[in-house]
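*Asks:* This structure is in structure tokens; I'll ask about it shortly.
No lab work stands behind these numbers, since they all come straight from the coordinates. Just so it is clear, the structure is predicted and the values come from calculations on it, not from any experiment. All Cβ positions, even for glycine, are placed from backbone atoms using ideal geometry, and neighbour counts span all protein chains on display.
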Amino acid sequence: MANKLKPNPIVGCMRWGVWGENFTTKQFEQIIDQCLSIGLNVFDHADIYGHYTTEADFGNALKGNTSLRDKIQIITKCGINMLTPNRPDHQIKSYDTSASHIIKSVEQSLQNFHTDYIDTLLIHRPDILMDVEEIANTITTLKQSGKVKSFGVSNFTTGQVGLLNKYITVEHHQVEISVTQLNSFDNGVLDQCQLNNIQSQSWSPMGNGLLTEKNEKHSRILATATALSSNYNCSINQILLAFLYAHPSNIVPVIGTTKFERIIEAKQAKEIVLKKEDFYKLWSASIGNEVA
């Protein structure tokens, strides 16, 4: 495969707040500093994380520290209306990509992070009723004001990305990609990313439920990954990330762990050059048979 410089992983913050470790402000500060110490400076959020609380929890670590804000990049997402006591006006879980909702979400995120700009804004899920021209005009206005630096989507189909890309440049696409979720490899998502110079980002990059849910598929994958980890003298998790790094679209994994030692491990995975046959060993373990 082409010898490209592999990207650093993105640090996912979904489990840093009440949906996971419930870090104190001091703990947020500590893990941010630790990530920066190893060259990881991109942090992934969404407005809904922690039932709309994790952005503000992270932001408390940035409050009054402009030098720290200048060292990091913040990704956040909007477009989901979640049922939660923190949003009593929501009657049902739904999607909203109207201009008013996007602007309101961005303004709230800016307040939460104690900043005047978001590095990357993603539409979290495709809204069935989305007006792509309205989205494009809204994002353009936010970019012109300096409140949003770059724009992308999450969990979109290739058709939806293509439609939106007609009116505004889509710069990032975050979607589930892993050895347990192979769809993006052959449904056109990664082809489109390469064709249109869209950064592909993978959530749950090591396989959602792979280590916690026992089934035949997971057993096959883990057996193969275990054998390969011995051959490459690395951990199973690093093999699972190397599987993504092997693809020429330069997939950027979003690492959801709350443990700094595993974040270090994830960064080191980009140094592993997986042989093509070893990539296909994992692929075959996932699909349950050899390729056609």
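*Asks:* On the basis of being touching a residue at least 12 places away in the same chain (Cβ under 8 Å), out of contact with any strand residue (DSSP E or B) (no Cβ under 6 Å at 6 or more places or on another chain) and under 22 Å from C78 (Cα atoms), does T180 make the cut?
*Replies:* no
*Asks:* Shifting gears a bit: Restrict the check to segment 55-72 and report whether at least one residue is within 24 Å of P126 (Cα to Cα) and of a type in the set (S, T, Y).
*Replies:* no
*Asks:* Now for a separate question. Check segment 164-180 and report whether any residue there is under 25 Å from I287 (Cβ atoms), within 21 Å of the chain's Cα centre (by Cα) and among the small types (G, A, S).
*Replies:* yes
*Asks:* Here are some residues: N250, N289. Which one is on the phi > 0 side of the Ramachandran plot and polar (S, T, N, Q)?
*Replies:* So the residue among N250, N289 that is on the phi > 0 side of the Ramachandran plot and polar (S, T, N, Q) is N250.
*Asks:* If we only count helices (runs of 4 or more DSSP H) wholly inside segment 47-132, which ones have 3 or more residues that are exposed (fewer than 15 other Cβ atoms within 10 Å of the Cβ)?
*Replies:* 66-71, 99-113
*Asks:* Only one residue in T66, T54 is within 19 Å of the chain's Cα centre (by Cα) and of a type in the set (S, T, Y), so which one is that?
*Replies:* Of the residues listed, the single one that is within 19 Å of the chain's Cα centre (by Cα) and of a type in the set (S, T, Y) is T54.
*Asks:* Something else: Six or more apart or on different chains, Cβ atoms under 6 Å: show the pairs whose first residue is in segment 43-63 and closer than 24 Å to N8 by Cβ and whose second is among the basic types (K, R) and in a strand (DSSP E or B).
*Replies:* A46/K77
Here's the yes/no breakdown for (1) part of a helix (DSSP H, G or I); (2) under 20 Å from L40 (Cα atoms); (3) among the basic types (K, R):
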| position | (1), (2), (3) |
| --- | --- |
| A242 | yes, yes, no |
| K270 | yes, yes, yes |
| D278 | yes, no, no |
| W283 | yes, no, no |
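*Asks:* Which members of segment 226-239 meet the condition of being more than 10 Å from L274 (Cα to Cα) and crowded, with 16+ Cβ neighbours inside 10 Å?
*Replies:* S229, C234, S235, I236, N237, Q238
*Asks:* What is the one condition in (1) closer than 30 Å to A99 by Cβ; (2) out of contact with any Leu (no Cβ under 8 Å at 6 or more places or on another chain) that Q27 does not satisfy?
*Replies:* That leaves (1) as the condition not met.
*Asks:* May I pose another question? Out of (1) surrounded by 14 or more Cβ atoms within 10 Å (Cβ to Cβ); (2) touching a residue at least 40 places away in the same chain (Cβ under 8 Å); (3) among the aliphatic types (A, V, I, L, M), the odd one out for A223 is which?
*Replies:* Only one criterion is unmet by A223, namely (1).
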